[in-house]
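Everything on this sheet refers to the single structure shown next.
Read-outs: derived from the displayed coordinates by stated rules, not from any lab. All figures in this text were calculated on a predicted structure; none of them were measured in a lab. No Cβ is skipped: glycine too gets one built from the backbone with ideal geometry, and neighbour counts run over all protein chains shown.
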Ligand SMILES: Cc1ncc(C[n+]2csc(CCOP(=O)(O)OP(=O)(O)O)c2C)c(N)n1
Ligand SMILES: Cc1ncc(C[n+]2csc(CCOP(=O)(O)OP(=O)(O)O)c2C)c(N)n1
Ligand SMILES: [Mg+2]
Ligand SMILES: [Mg+2]
C-alpha cells in the first residue's frame, strides 16, 4: 500500500498542467459556467489543437503508442461515435425505447478501456458503450437493453465487463467487492497483477454507495480504479450541485490518489488509466481518476437539455472534441493520410449499417422470459405461476388469438 | 461561504500543534496501537498535566473563561461522570436494560455542548449524555430510553436537543436538513446567527448517510458543525477498519474545514467548537471537528472489551483523563481549593442518589402506549386494533388476571 | 395540523379546468406552495427542468431556489434532509425520480420518517410527502416500472396513498401536504399526460377526504378493487363486462395505508365476490392484505375466494414483455369469470 | 450449484451434540467454511468479538482475516461488496448486527442482489447469505427487536428462510450457503442461547430440504402456522391447549419465500381452521399472504376465516411493553378459541 501521507497533499497532474489550459477559446463565453475549470490541474497529453505535450510523469505509460496504435484509438472512437449516433437515430425511429448517448465521452471511454488487460474487470454504469467496445462486447449486444427486450446480453466473464448498472452508485460497491476478491485470491502484487475499474458519473459522487466504495477500497487496499466521467451534468444539474471542490480531490479525504485527466484526450486517458491500473496491480490501489469531459448530447433521448443549459456551452466544448484532436494530430504529423480517414469512415458506416440491420430484425422475447432465470434453483411457487399463465395464454390461442 | 481553496490544503490546529504531543507516556507502550497519532495535528489548550498552552488561533474563543467558568466545566464533567457511573451500576442491578457509557468522553461533550447557544440545535447519537446535560435535559429524562420504558423523553424544541438516534449516521442527514432550514429562514449571516451541531462516532464516518450529510451541508452552505467523537473504537473495531487517514481530513475532499481537537481537553473542545459554530453563524459552514478521545468503558453494558483490546491501552488513556487535567490545573493555579472539590463531589453524589431514586421508582408505561402517537392524525385501522386489544385485556381482567 | 385543504373560489374566473393527472399535480403543488411558505420541494432535477416528468414545471421559476431545490444525487440525502427540515417546521415535498430509486432512501424512511413521531411521543411532527412516480407501461429500462408500494404499507408510521385521476391528483397532493403525518404519494406515471383520463376539475369543489376509498362504478355481480394505474384497467374491464351483461362494481382504494376497506366489505357483502388488482408482485403485498381482511370480515358472504390479478413474482421483466406482465383487461375479466364460476 | 449439503460421518467421534441455536449456527458456519474456501464472512464485529451474539465466535481465529472480515460500519457496503465478491466466485455470508440495521443495505439487496441473476440471464449467480438476527423479547432499545422479513418476501429474486431450533440452525445455514440464490436468513435472536430449545443435533443425519415447511406437532382441531421465534410460542400453546383437550397441529414454515404452503393446505383441509402467527406487523405481511392463499386453496374446507396473531401495526414499542406487543401463548389460544367458536 502506498503511504497515506503521500496523498495528503497530492499534486496531481504535475507535469503538463501549465500547457493544459487553452484559455483563448473559453474566454469567449464570459458569463458561462467555467468550462475551463479543469485547467490548472488537468493532465493532458494532446491539446485540443492536436499538439502533443510532454508529461514527465505519464509519457512512459504511452511509450508504446506509435502511429499504428494512435490510428487504432482514432478508429475506435470513430466507430463508437458512429454507432452511438446510429443508435440515437434508431431511437428516433422507434426501434429503441431509449438511448443513452456517449457523444463527447469517446476519449474517456476508449482511452480507459484500452488501458485494461484481458483479465481485468470493468464495472460500467449505463453510458459506457465505448468501454464495452474495448472489452470486445458486440455493440449489438447492447441494443437489447435499450430496445427493452433484454436487461444485459453479453457474457460478463468472457469479456471482463459487468452488466450495466442503472441505480446510481450501486456498481461502485460491487466493483470494490470484486477487487477485494482479486486481492484475496492473491492476484495482486506485481506487474502481472489483476485490477478492476469502475465507471460512474459526476452526479454519482453524491451517493452513499460511492463513498462506501471509497472507504472499503481504501481499507482493504483493493486494486480498484474509480473512473469518474465528469461530463459536467447529472441530467439537468451542473456539477456545482454535487460538490464545492473538483471531484478528483474527493480522494484526499480517504488517503488514496486522485487525479484529474482531460477526458477528451484519449492519450492522456490511456496513460493515466494505465498508471492507475499499474498502481492497483502492484497493490497500491485504489486510485480515483476524474475524467473531465462533456456530455455533448442530451442525457438520454427522452431529455431536453435546452431547458437547462445554454447552447454556447456546447459550442465551446466542440472545440475540444475528442476525435478531432487525434485526427489533426495524425494528419499534421503525417501519421495518417486521407485514405486512412476515408477507410475508417467507410468502416464506421458499415458498422452502423450492420447494427441497424440487426436492430430492425431483433425478435421480441417470448412471454416465458418473464419467468426464467429469476432463480438459479427452482421455486415451486414461481413455477406454478408460470404454468398458470402459460395455460391462460394457451387458452387464448385456442380461442383464436389474444 | 469560505473559499474552497482555503481548505484544499488545510493546516489544521496550526497553533498549539507543537506542544500537543506528549510522547513520554505513550511511548511506554510499544507495540500498542498508536494512541498518540492525534499528536502533531491535535489542537490542545490544556495538557494532560494540566498546563495551559497558548493557541494564537483559538485563545480568543476562550478569553471569557475565567476561574469560575473553568470550575463550572469541571463540575459539569464530574456530575455527568458520576451520573454515568451510577447508571452503569443501575444497569448491573437490573434497573436499566442497557447503558451506553460516556466515560472518558466528558470533555468532548461538555466542551462542545457548552459552546452552544440556546437557539442552536444539537443532534445527538446515543452516547451524548454529557451534551444532553449542557442542553438542560434532565438526566432522568434519559433513563427511560435505557430502561426501555420510553424512546425519548424530553422536549426537543425547548432544549434544542433532538431525540437520540441509534441507526448509525441517520442523524447527520437530519441535522443537515435542519441547518438548511436555519439558513433558509435567514437565521445565518452574523454574530447572532444560529447553528446546528451533530454528533457521531468514528465508526459512523463509513456510513453513506454521513457522506451525504457532508455533501448536502457543503452544497447548501449549511450552518452545521459535524462533531465526530473519535473514541478509537466502533464496538470491537479500531478506527483503522474505517479509514486510512485521520478522520478530520475527510473534510478535505468536500471543501470545508476539518480540524482535530484533543477530545479530552474540555477547554480546547469549547474553543474549537465555538470557533466552528461561529463560522457557521456567519455563513461559513459547515465545519468538521474530530474530537480525539477514548471510550474508557465498554461499548455498552452488554459488551466485553477484553475480547478485543488490551487493558494497557486503557491504562495509557487514563493518563489523559479529561477531568483530572482540569482538576490539576485548577489546583496548581490556585483557582479552586479542596473545599470546592469536596463540594462538587458531594453534589455529584446527591445528583446520583436522586437519579437512583428516580430510576428505582419509575413506572412502566401502560399498554395503550403501544398504540399512541403512531400518527399525528387518526388511523381507523390502528384505532380498531387498539380497541380490540384493550377489550382482550379487559376480558382477562374480568376473568381475574392476566 | 395545518389548515385543512379548502377551495378558494375566485368568482372572476371559472374554477373548472380540463386537466391531466400531471397538470393536476402541478397545480395542486402550486396551490399548496402559495398557501403555505413552509412548503418546499426537494428532488433531483425538479428545478429548471421541472422534473423528468415535468410535474414541478415552472415552480422553481415562480417560488425560487430555496423553495424548489435541485438536490445532490442521493435519495437518502433527499429524505434525510427532508426529515430535518420537517423538524425545523418545514413541510417538505420530496420527488423520487422513479420508484426504483427510492431504495437508497429506505432506511431514512423506515428508521426516521416513520418513527420520529412515535419516538418523540408526538412532539415531533413529520409532515413530509414523498412523491413517487410508479408502475409500468411506459416501455422503460430496468428500475423504471416497479410497484413497491406494498413495502411501505407494511411499515407502521407511514401513510400511503395513490391517485388515479386528475381531480384526485389535484386534491390529494394538497391534502397529503396538509397532513401532519408522512405520506408516501404514489403517482401512476403512465397516466401523467394521458388524454384518456384527462378530466374537468373544479378547483372550487369540496374534495373527498384523503384517507377514504371510493366506489367509482356501481355493480352487482362482483367487486373489483384497485388503485393507481390499475383503476383505469378495471373500469375498462367493467365496461367490457357490462357489454356482455356482467355488472362489476369497481372501487378505487385511494388510501393504501391506512386501508379504508369499509366500502369493500360493504360491496362484497352484496356481490359475494372480490377481485383485487395491482401491478405489484403478489407475495406479501397489499392485495394479500385485502384478501386476508376480506375473507375474515366477509367470511359468510363470499361465494368464491378473493382472487388476485397482479404482476408476477418476478423482477419487472424487459419492458417489451410488460403487456404480458401487467394486469390487463383480459386478465381481470378472466379472474371475474373464474370468480363467477367458482 | 455447490455440492448439496451432506453429513460427514466421523466414526471415531459421536456425531450427536447438544446444541443451542447459536451453537448450531456457529458449527454450521464452521462446517461450511471448512468445506469450501470460497465461503467468507463479512460484517461488523464478526472477527475478534465473534459478533455481538458470538455466532461467529472463533471463526476469524481459525480461518484468518481474509475469510472473516470485520468490515467498515455500513450495511450497503457490506452487502454491495458481497455482491461483487459473489460475482468473483466467492460465497459471502453477511451478518447484519440487528435486523433494524438492514435498511441502509435495502437498495443493494433489492436492486442488485435480487436482480443480477435475472438481469444477466442466469450468467451471474448470487450465492450470498445475509444472516439477520430478528424478533423481539430481549428487552432491547429501539431498532433491535423488529421483524422485517415480510419486506424481503415481497421482493422477487430473493429467498427467505427462518430457523426455529438448533438442528435447523445447523443444517439450514449450511444449505443456505450452498444455495446458488441469495438467501435472507432470519435467526430468532432471543432463542440464540436459550436452554429451552437446546437439543441434540446429529451432524451425521440427512437434513430436510431447505425450502420446505414442516409439521412439528400433529393435531386435529385447528392448524397453527408460524416461523422463527413464534414456533416455540405455538408449540407451548399447543401443549396448553392439549391439557384442555384441544388438539392443535403446528407447522413450522421454515421457508418464507418461496412459501411451501402444501403442508398448510393439507392440514387446513383436515382441521378447517388456521391461525397464522408472527411478530411482524400484520399489514401487507407474510401472514396476509398465507391467509390470502389459504382462503383461495382451501375455500370449501375453511370453517372459520384464517385468523392472524401478530405484532400490532405500530413501531416496535419501548420494550417494557414487548410482552404486550408480541404474540404470546394467551393470544394464540384466544385466536384458537375464536376460530373454534366461529
Ligand atoms: C439511485 C438513482 N437515482 C436516480 C436515478 C435517475 N438518474 C439516472 S441518470 C441520473 C443522473 C446521473 O448523472 P451522472 O452521475 O453525472 O452520470 P451521467 O448520466 O452524466 O453519465 C439520474 C438522476 C438513478 N438512475 N438512480
Ligand atoms: C446502521 C447501524 N448499523 C449497526 C449498528 C450497531 N451499532 C451500534 S453502535 C455501533 C458502533 C458505532 O461506533 P462509533 O460510530 O464509533 O460510535 P461509538 O459507539 O464509538 O460512540 C454499531 C455497529 C447501528 N446502530 N446502526
Ligand atoms: Mg454526469
Ligand atoms: Mg467510536
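Once you have a ≥ b ≥ c as the square roots of the Cα gyration tensor eigenvalues for segment C:172-317, tell me rounded if a/c is under 1.5, and otherwise prolate or oblate according to whether a/b is larger than b/c. Write out the running numbers ahead of the final one.
Details: a/c = 1.39, a/b = 1.30, b/c = 1.07.
Note, shape of segment C:172-317 comes out rounded.
Chain B residue nearest the axis that carries B onto A, by Cβ, with distance in whole Å, is B:208, 1. Legend: mean number of C-beta atoms from other chains within 10 angstrom of residue C-beta atoms, peptide A:381-387, equals 4.
Under a plain spin-label model, where a point goes 7 Å from the Cα along Cα-to-Cβ, how far apart in nm are residue A:340 and residue C:14? The modelled label-to-label distance comes out at 6.9 nm. Working value for segment A:183-342: equivalent-ellipsoid semi-axes of 30, 24, 12 Å, each the square root of 5 times a Cα gyration tensor eigenvalue, largest first. Sorted shortest first, the separations between the residue B:310 label point and its copies elsewhere in the assembly read 6.4 nm; each point sits 7 Å from Cα along the Cα-to-Cβ line. Ordering of A:304-312, A:227-235 by packing is A:227-235, A:304-312, highest average first (other Cβ atoms within 10 Å, averaged per residue).
Put a dot 7 Å past the Cα of residue B:190, heading toward its Cβ, do the same for residue C:199, and the two dots end up 5.4 nm apart. Over chain B, dividing the summed -39,500 (n - 2.57) contributions of all DSSP H runs of at least 4 residues by the number of residues returns a 222 nm mean residue ellipticity of -13000 deg cm²/dmol.
For the pair residue B:396 and residue D:303, what calculated FRET efficiency results from E = 1/(1 + (r/R0)^6), where r is the Cβ-Cβ distance and R0 = 35 Å, to the nearest 0.05? Calculated transfer efficiency: 0.85.
For chain C, the calculated P(r), taken from all Cα-Cα distances in 10 Å bins from zero up to the bin holding the longest distance, is 6, 26, 34, 23, 9, 1 percent.
Sorted from greatest to least, the principal axis extents spanned by the alpha carbons of segment B:125-175 come out as 27, 23, 17 Å.
With the Kirkwood sum run over all distinct C-alpha pairs, the protein assembly as shown has a hydrodynamic radius of 33.3 Å. Taking every C-alpha pair closer than 8 Å and separated by at least 6 residues, the mean separation divided by the residue count of chain C gives a relative contact order of 17 percent.
Counting, for every residue in B:389-398, the Cβ atoms of other protein chains within 10 Å of its Cβ and taking the mean gives 1. Each Cα pair under 8 Å and six or more residues apart adds its separation to the average, and for segment D:15-202 the resulting relative contact order is 29 percent. Averaged over the residues of B:362-373, the number of partner chain Cβ atoms lying within 10 Å of the residue Cβ comes to 5.
Would you order A:145, C:78 from fewest to most other beta-carbon atoms within 10 Å of each residue's own beta-carbon? It would help to have the intermediate numbers written out before the result.
Values: A:145 24, C:78 31.
By the 10 Å Cβ count, ascending: A:145, C:78.
Applying 0.36 nm per residue to the separation of residue B:85 and residue B:63 and subtracting their alpha-carbon distance, the gain on full extension is 4.7 nm.
If you plug the beta carbon distance of residue D:337 and residue B:376 into 1/(1 + (r/R0)^6) with R0 = 22 Å, you get a FRET efficiency near 0.05. For segment C:219-305, just say rounded, prolate or oblate: build the C-alpha gyration tensor, square-root its eigenvalues into a ≥ b ≥ c, call rounded for a/c under 1.5, and beyond that prolate if a/b exceeds b/c, oblate if not. Taking the square roots of the gyration eigenvalues as a ≥ b ≥ c, segment C:219-305 is oblate.
Using alpha carbon centroids, what distance separates segment C:292-335 and segment B:324-369, in Å? Result: 64 Å between the Cα centres. Our note on the geometry: Cα centres of segment B:220-248 and segment D:120-135, 31 Å apart.
Taking the number of other C-beta atoms within 10 Å as the exposure measure, put A:178, B:61 in order starting with the fewest.
Working: A:178 29, B:61 22.
By the 10 Å Cβ count, ascending, the order reads B:61, A:178.
With the helix formula -39500 (n - 2.57) applied to DSSP H stretches of n ≥ 4, chain D reaches a computed 222 nm mean residue ellipticity of -9000 deg cm²/dmol. Highest average first, the peptides A:112-120, A:257-265, A:92-100, C:162-170 ordered by how many other beta carbon atoms sit within 10 Å of their residues are A:257-265, C:162-170, A:112-120, A:92-100. Entry note, chain A: relative contact order of 23 percent, from Cα contacts under 8 Å with a spacing of 6+ residues. Going from the fewest other Cβ atoms within 10 Å to the most, the residues B:282, D:154 appear in the order B:282, D:154. Between copies, the label points of residue C:65, set 7 Å from Cα on the Cα→Cβ line, lie 4.7 nm apart, reported in increasing order to one decimal in nanometres. Rounded to the nearest 0.05, the FRET efficiency derived from the C-beta distance between residue C:266 and residue A:361 at R0 = 60 Å is 0.65.
Maximal additional length on extending the residue D:36-residue D:239 stretch stands at 68.9 nm, based on 0.36 nm per residue less the C-alpha distance. Distances between equivalent label points of residue A:85 across the copies, with each point positioned 7 Å along Cα→Cβ, amount to 8.0 nm, shortest listed first.
From most to least packed by mean Cβ count within 10 Å, the peptides D:224-230, C:64-70 give D:224-230, C:64-70.
The distance from the alpha carbon centre of segment B:50-82 to that of segment B:274-304 is 17 Å, rounded to a whole number.
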